[in-house]
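Structure record follows, encoded as structure tokens.
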Amino acid sequence: MVSNDSVAVRVREHLGERSLFDFAVNLDESWRISETNDRLSAVKNLLAGEGNSIDTDDIRLLDLADSLVGKLAEIL
């Protein structure tokens, strides 16, 4: 999450002031979900954040979540 990889940069920009450490911890928990669609939904909701009024159907959010899941699959 701290690299110059394009997905990591997009995630950091999206998170803004939110804690990168907290996001990484929650992302690790989301990654343990075995069903691919459920994992993608969990990552999407994690990116949206609790209590935020971000539309979880926003195409940019969906694209970012999909890119993040794909990048993690490459790495892990």
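The values are calculated or read from the model by the stated rules, or taken from the named source; none is laboratory data. In this text, all values refer to a predicted model and were calculated from it rather than measured experimentally. Positions of Cβ are generated from backbone atoms using ideal geometry, with glycine treated the same way; all protein chains shown enter the neighbour counts. In case anyone asks, the SASA skips ligands and DNA or RNA and just uses the protein heavy atoms, side chains included. Shrake-Rupley method; radii C 1.70, N 1.55, O 1.52, S 1.80 Å.
Couple of notes before you dig in:
- On the chain, 48 percent of the accessible area sits on carbon and sulfur atoms, based on a 1.4 Å probe.
- Taking every protein chain into account, the accessible area of the stretch 1-73 amounts to 64 square angstrom per residue (probe 1.4 Å).
- Simple spin-label estimate for residue 22 and residue 9 gives 2.7 nm between the two label positions (7 Å along the Cα-to-Cβ direction from each Cα).
- Helical content of the chain, expressed as a calculated mean residue ellipticity at 222 nm, amounts to -21500 deg cm²/dmol (DSSP H runs of 4 or more residues, -39,500 (n - 2.57) each, divided by residue number, nearest 500).
- Legend: helices of the chain (whole DSSP H runs) are marked when their alpha-carbon atoms reach 27 angstrom or more along the helix axis and their mean Kyte-Doolittle hydropathy is at least 1.0; nothing is marked.
- Convex hull volume of the Cα atoms of the chain, normalised per residue: 89 Å³.
- Among the trypsin sites (Lys or Arg not before Pro) found in the chain, those both in a DSSP coil and sparsely packed, with 11 or fewer other Cβ atoms within 10 Å of their Cβ, are 32.
- Heavy atoms of residue 58 accessible to a 1.4 Å probe, total area in Å² rounded to 10: 40 Å²
- Relative contact order %, the chain, counting alpha carbon pairs below 8 Å whose residues are six or more apart: 29 percent
- Charge dipole (Cα centre; +1 on Lys/Arg Cβ, -1 on Asp/Glu Cβ; no other charges) of the chain amounts to roughly 180 debye.
- Available extension along the chain between residue 2 and residue 59 is 18.1 nm, counting 0.36 nm per residue and deducting the alpha carbon span.
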